[in-house]
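Let me begin by presenting the structure, written as structure tokens, before commenting on it.
Only the coordinates and a few stated rules stand behind these numbers; no lab work does. These numbers come from a predicted model, not from an experiment. So basically every Cβ, Gly included, is an ideal-geometry build from the backbone, and we count neighbours across all protein chains shown.
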Amino acid sequence: MSVENTTAEPTGYSEEETVRRILTSTGDTWAVVGLSTNTRRAAYGVAAVLQRFGKRIVPVHPKAETVHGEQGYASLADIPFPVDVVDVFVNSEQAGGIADEAVAVGAKAVWFQLDVVDESAFARTRAAGLDMIMDRCPAIEIPRLG
């Protein structure tokens, strides 16, 4: 059974279907905003899970560190190749700006991590034609796909 998103979405929108689409068919290049070499941060572990499931992770952090063997970049705009999904590990106050940057660089989807919620950014991103998920974690969702 599909769990419907509580945001104001067109009839027929399914958060569960969007999760599945992003994880299985949107593309395999994931920019992970907030990913650094700090092994205690959630982004570090989630990025490792994404890699284990065949995703190419691209660290995005002001330090532009190499993480999990992948070159880091200071911003989404600095990445010199297309990104499919932007996975956001910043606080809700900053997340909307990242979602806007994701639209600007041509990403196909935006994923706000657990406890990252910005309804206005969700509406803007969806209106721009991108898939979007808020307040969920792909490292929890991807193993459920079977």
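Just a few scattered comments:
- Test: residue in region 93-107 that is touching a residue at least 24 places away in the same chain (Cβ under 8 Å), polar (S, T, N, Q) and closer than 26 Å to residue 51 by Cβ: no
- Some residue of region 58-81 being of a type in the set (D, E, K, R), surrounded by fewer than 20 Cβ atoms within 10 Å (Cβ to Cβ) and within 12 Å of the chain's Cα centre (by Cα): no
- Selected residue (only one of 124, 144, 136 is within 14 Å of the chain's Cα centre (by Cα) and of a type in the set (Lys, Arg)): 136
- Filtered residue count, region 109-121, keeping only those that are over 10 Å from the mean Cα position of the chain (by Cα) and either crowded, with 23+ Cβ neighbours inside 10 Å or outside any helix (DSSP H, G or I) (or both): 6
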